[in-house]
Each structure stands twice: as C-alpha cells, then as structure tokens.
Amino acid sequence: MARPRSFDEAEVIRAAAELFASRTYDGTSIDDLVAHLGVHRNSLYKTFGSKRGLYLAALRWSLEHDIAPLAERVAAGDGPLDALRESLTAPDGGAGLDLLLLAAAERAPADAEVASLVTEGFAALDRATAAPARADSPAQGDALATALTAAILGLRLRARSGTGATALDTAGAALAHRLDRP
C-alpha cells in the first residue's frame, strides 16, 4: 500500500512558481527544488512526473492565482493610467509577471505547451488593458491595449534587472503622464 502524501501539493506548486519566477527553469535544478520545497525527490517525480511537469503546474497556478486577479484589477480601472498603476503595484511583488516573462523568453520558444500558456497569459493582460483603453478611445483600444501590456511587461523586466524602484517609478510616471494627455 502506498504511503499518503506528506505535503500540500498546492503549496508546493505555489512555492515552485516563486522559485521558477526568481531563477528561471534552466536555472533551477531538481536539487534546488528539493531543498526549497522540502519535498523528497521521489515524491516530486511521483506527483509531477518531471521537473517540466512541476514547471507546467507552477505556470498554470501562476496564471490562475497571479495573472488572472491582476487582469481583473487592471480591467476594473478607470483608464489606461489606472491600468498601468495597478499592474506596477501588484500585491505579489510581480512574481506572476516575472514567471510569465521568463516563460516567454526561456521556455516558450522550445516548448509548445509553455508557448500556449504564455499566449494565454498575454491575452488575459491584453483583454484587461483593452477594457480601460476602449473607454478612452474605442477605435484605438486594442492597439493601446497591446502597447500597455508591452509597457507593463517591459517595466517589470527592467525592475528585475536591478533598475531599482526609483527608475521604475520614474518610467511609469512618464508613461502615465503621456497616457493622460489627449
């Protein structure tokens, strides 16, 4: 008879999402996962099949628990400026955006399933930024939404690269000021 699991699978997936968001897929070894998650190697393989299996579960978790709530908050904003502000002050500190960015750059070009999940995440952000953008300019809403999503992801990437909060705030303020103009 198999032993019952001694770990919370949802908690392991959440913690793995954070680790992959901070180190990348290729930068995270099975030993790193075992040490960080506190789960035995055999348990990880038995539950997720592989490192990739855990990564896919973590990416799906992040889309549901980080990106979808962020998209809802952005869509509820009063305009493009609110959309930008909401996305740059994500309560998770940007981990969901980080994992989405890293998945897009590192794994999506080589893994069709990751590419599909990344596309899903980008589409959610595009729909969210389109809602306030259309309120200001229905004819240009979709184009502005794509530009806002790109700006959000670009600013998050700069924050990851060590640009620092002041530079991020300055860039965000400049873009927000530009969006406020007619």
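Descriptive notes on the structure:
- Simple label model, 7 Å out from Cα along Cβ direction - R60 to A174, nm: 4.1 nm
- Projected label points at A68 and R127, each 7 Å from Cα along the beta carbon direction, are separated by 1.0 nanometres.
- Between T24 and T119, the distance separating the two model label sites (each 7 Å from Cα on the Cα→Cβ line) works out to 2.4 nm.
- Segment R158-E11, length gained on full extension (0.36 nm per residue, minus Cα span): 50.0 nm
Every number in this text was worked out from the coordinates using simple rules, so none of it is lab data. Predicted, not measured: the structure shown is a model, and the values here were computed from it. As a convention, Cβ positions derive from the backbone with ideal geometry for all residues, glycine included, and neighbour counts pool all protein chains shown.
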